[in-house]
Amino acid sequence: MTGFFYFCTMKKTFKPGNMIYPLPVVMVSCGDSPENYNIITVAWTGTVCSDPPMCYVSVRKERHSHDIIMRTKEFVINLTTENLAKATDWCGVRSGRDYN
Ligand SMILES: Cc1cc2nc3c(=O)[nH]c(=O)nc-3n(C[C@H](O)[C@H](O)[C@H](O)COP(=O)(O)O)c2cc1C
């Protein structure tokens, strides 16, 4: 087997998807009253445009925060710190549906 033939047969195929890593995460807060304030950890966030200034967060429909943001039409993107690492992880694995 020649080296070139071996290289060709080693080709791996991936399903479509982006591979932009690593991704820093943010804590997105939402809600319009203390009873429904919520925080979701989000990695899919960034800049859409600088003029006009626009940013985005991608939140899956099944997230509790999705309903809140769609209803209130607002959210806050909070940068995290090393001290908040545990809280950031926690808000990424626990839903406001089940925990306050
Ligand atoms: C590191 C990390 C990044 C995440 N990024 C996203 C994201 O970009 N979009 C999203 O919908 N969920 C993301 N999640 C999952 C949500 O944070 C998680 O499902 C959370 O519990 C949803 O909370 P909620 O149901 O109160 O809205 C991420 C979780 C982790 C741990």
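Where a number appears in this text, it was derived from the coordinates with a stated rule and is not lab data. Everything numeric in this text was worked out from a predicted model, so none of it was measured. Ideal geometry is used to build each Cβ from the backbone, glycine not excepted, and the neighbour counts take in all protein chains shown.
Hey, among the residues in the stretch 70-87 that are free of Cβ contacts under 8 Å to residues at least 40 places away in the same chain and farther than 23 Å from Tyr21 by Cα, which one's surrounded by the fewest Cβ atoms within 10 Å (Cβ to Cβ)?
Among those that are free of Cβ contacts under 8 Å to residues at least 40 places away in the same chain and farther than 23 Å from Tyr21 by Cα, it is Lys73.
Screening the candidates Glu35, Glu62 for the property of being part of a loop (DSSP other than H, G, I, E, B), over 15 Å from the mean Cα position of the chain (by Cα) and farther than 11 Å from Val25 by Cα yields one hit, Glu35. Among the residues of the stretch 31-45, those identified as touching a helix residue (DSSP H, G or I) at 6+ places or on another chain (Cβ under 8 Å), within 9 Å of the ligand (Cβ to nearest atom) and polar (S, T, N, Q) are Asn38, Thr41. Taken together, Val48, Val28 contain a single residue that is assigned to a strand (DSSP E or B) and either free of Cβ contacts under 8 Å to residues at least 12 places away in the same chain or more than 9 Å from the ligand (Cβ to nearest atom) (or both), which is Val48.
For every residue, the table says whether it meets (1) outside any strand (DSSP E or B); (2) more than 8 Å from the ligand (Cβ to nearest atom).
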position	(1), (2)
Met70	yes, yes
Asn78	no, yes
Thr88	yes, no
Arg97	yes, no
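Of the numbered criteria (1) near the ligand (Cβ under 8 Å from one of its atoms); (2) surrounded by fewer than 17 Cβ atoms within 10 Å (Cβ to Cβ); (3) not charged (D, E, K, R), the one Val57 fails is (2).
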